[in-house]
1. Test Val86 against the criterion of being among the β-branched types (Val, Ile, Thr), surrounded by 11 or more Cβ atoms within 10 Å (Cβ to Cβ) and over 21 Å from Ile148 (Cα atoms), and give yes or no.
2. Considering only segment 227-247, state which residues are under 30 Å from Ala93 (Cβ atoms) and loosely packed, with under 15 Cβ neighbours inside 10 Å.
3. Being open to solvent by 60 Å² or more (accessible area, probe 1.4 Å) and either at pLDDT below 85 or in contact with a Leu (Cβ under 6 Å, 6 or more places away or on another chain) (or both) narrows it down to one residue among Pro53, Pro66; which is it?
4. With Asp120, Asp92 as the choices, which residue is open to solvent by 50 Å² or more (accessible area, probe 1.4 Å), in a loop (DSSP other than H, G, I, E, B), among the acidic types (Asp, Glu) and modelled with pLDDT of 85 or more?
5. Of all the residues that make up segment 23-45, how many are part of a loop (DSSP other than H, G, I, E, B) and closer than 17 Å to Asn133 by Cβ?
6. Out of curiosity, is Ala163 among the small types (Gly, Ala, Ser) and in contact (Cβ under 8 Å) with a residue 12 or more places away in the chain?
7. Is there any pair with a first residue in segment 36-58 that is farther than 23 Å from Ser137 by Cα and touching a residue at least 24 places away in the same chain (Cβ under 8 Å) and a second that is open to solvent by less than 80 Å² (accessible area, probe 1.4 Å) and part of a loop (DSSP other than H, G, I, E, B) whose Cβ atoms are under 7 Å apart and which are 6 or more apart or on different chains, and what are they?
8. Going through segment 27-38 one residue at a time, which ones are open to solvent by 70 Å² or more (accessible area, probe 1.4 Å) and of a type in the set (A, V, I, L, M)?
Amino acid sequence: DDDHPPEYEYTPWDGWFNNYAHPDWGAAETPLFRRVPPSYADGVYEPSGQDRPNPIELSQGLMGGPTGLKSAKGRTAFLVFFGQQVVEEILDAQRPGCPPEYFNVKVPKNHHYNPHNLDDLEMPVLRSRYSMNTGFSPSVPREQLNEISAFFDGTLMYGPNKAWADALRTFHNGTLKAINESGGYFPAHNTIRLPYANPPPPRDHFLKPISRFFTIGNPRGNENPFLLTFGILWFRYHNFWAKKLQAEHPKWTDEQIFNE
C-alpha cells in the first residue's frame, strides 16, 4: 500500500551493479574509461608535454586582464561553479599516488610568484593515483582511478560512500544533521574529521582546523563560497523532501525515507 514502499535493495553508494551486465562499470575506485589512446611520452606512463608552453605563462596570457569584464553571453561566475558541481558528481581523481611522483612546473622569471627571479623555482604538482595493474607496456598503459562513481547519483549530497553518508545522517525521519541553533538551515560542523580538502592557505602556511567546515557530501565543497552555497542548497533540498515524505507516509522508517 501507499504507506509502505516496495521492499527492494537500494542502489549502493559506490556505483557497483548499476549495469547488471557489467557490474563494475562506473564504480568507484576503478580506472577511468578512455575514448582515445593515451599520449604518454613513452607510450606507457611518462608524462608528455615537455615541449609545450609553460602552463603558468598560458594561464597568465589567457586568464589575465582587468576584472569586471562582462561575459559575451551574459553568463556569471556562478555558471563555472555549477559546471564544477556537474564534474564532481561523476569524477574525482585529485589524490596523489603512493609513492609520490612529482611533475613540477617551473615558475618563470618576472612572474609575481617569482619576485626574486630564481632559475630553479618550481610549483609542485603531484601525479594522480593509478591502477597498479596498469603502466607496464604500450598495450597496458597507466590508467588513473576515479575515486567516486561515474553516475549522477547524489555524491554531492551524500558523499562518495556509505560511511560518509552515515556520518551526515541523523538517523531520524530520514534527515541530514544540522546546526540546531541555525534553525536547521545549515549543515552540522565537521567535528568528526571527515576528510575534506583542506590545503594550507599560501598566506598562512599552516593547516587550519577542519572542524570549521560544514558536513556536506562534496569532499571539496568547503573550498570557496560558491561551492559551499551549492552544498547548503543540496542539504536543504534533501531535508525538505525528507520532512514532506515523513508527513505523507508516517509509517515509513528512517531508512525508507532517507533512501526514497
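1. Numbers: among the β-branched types (Val, Ile, Thr): yes; surrounded by 11 or more Cβ atoms within 10 Å (Cβ to Cβ): yes; over 21 Å from Ile148 (Cα atoms): no.
Answer is no for this residue.
2. From segment 227-247, those under 30 Å from Ala93 (Cβ atoms) are 227-238; that's our starting set.
Residues satisfying the conditions are Thr229, Leu233, Tyr237.
3. Values: Pro53 fails: either at pLDDT below 85 or in contact with a Leu (Cβ under 6 Å, 6 or more places away or on another chain) (or both).
One residue alone meets the criteria, Pro66.
4. Details: Asp92 fails: open to solvent by 50 Å² or more (accessible area, probe 1.4 Å).
Of Asp120, Asp92, the one residue that is open to solvent by 50 Å² or more (accessible area, probe 1.4 Å), in a loop (DSSP other than H, G, I, E, B), among the acidic types (Asp, Glu) and modelled with pLDDT of 85 or more is Asp120.
5. To start, the set of residues in segment 23-45 that are part of a loop (DSSP other than H, G, I, E, B) comprises 23-29, 32-45.
Still in the list and also closer than 17 Å to Asn133 by Cβ: 24-25, 27-29, 32-34, 38, 40, 44-45.
Result for segment 23-45: 12.
6. Working: among the small types (Gly, Ala, Ser): yes; in contact (Cβ under 8 Å) with a residue 12 or more places away in the chain: no.
The answer is no for Ala163.
7. Pairs that qualify, where the first residue is farther than 23 Å from Ser137 by Cα and touching a residue at least 24 places away in the same chain (Cβ under 8 Å) and the partner is open to solvent by less than 80 Å² (accessible area, probe 1.4 Å) and part of a loop (DSSP other than H, G, I, E, B), are Asn54/Pro108; Ile56/Val107; Ile56/Pro108; Ile56/His111; Glu57/Pro108.
8. Going through segment 27-38, the residues open to solvent by 70 Å² or more (accessible area, probe 1.4 Å) turn out to be 29, 33-37.
Listed by number, the list holds a single entry, Val36.
The values are calculated or read from the model by the stated rules, or taken from the named source; none is laboratory data. All values derive from a computational prediction rather than experimental measurement. When we count neighbours, we look across all protein chains shown, and the Cβ atoms used for this are built from the backbone with ideal geometry, even at glycine. Only protein heavy atoms, including side chains, enter the accessible area calculation; ligands, DNA and RNA are left aside. Shrake-Rupley method; radii C 1.70, N 1.55, O 1.52, S 1.80 Å.
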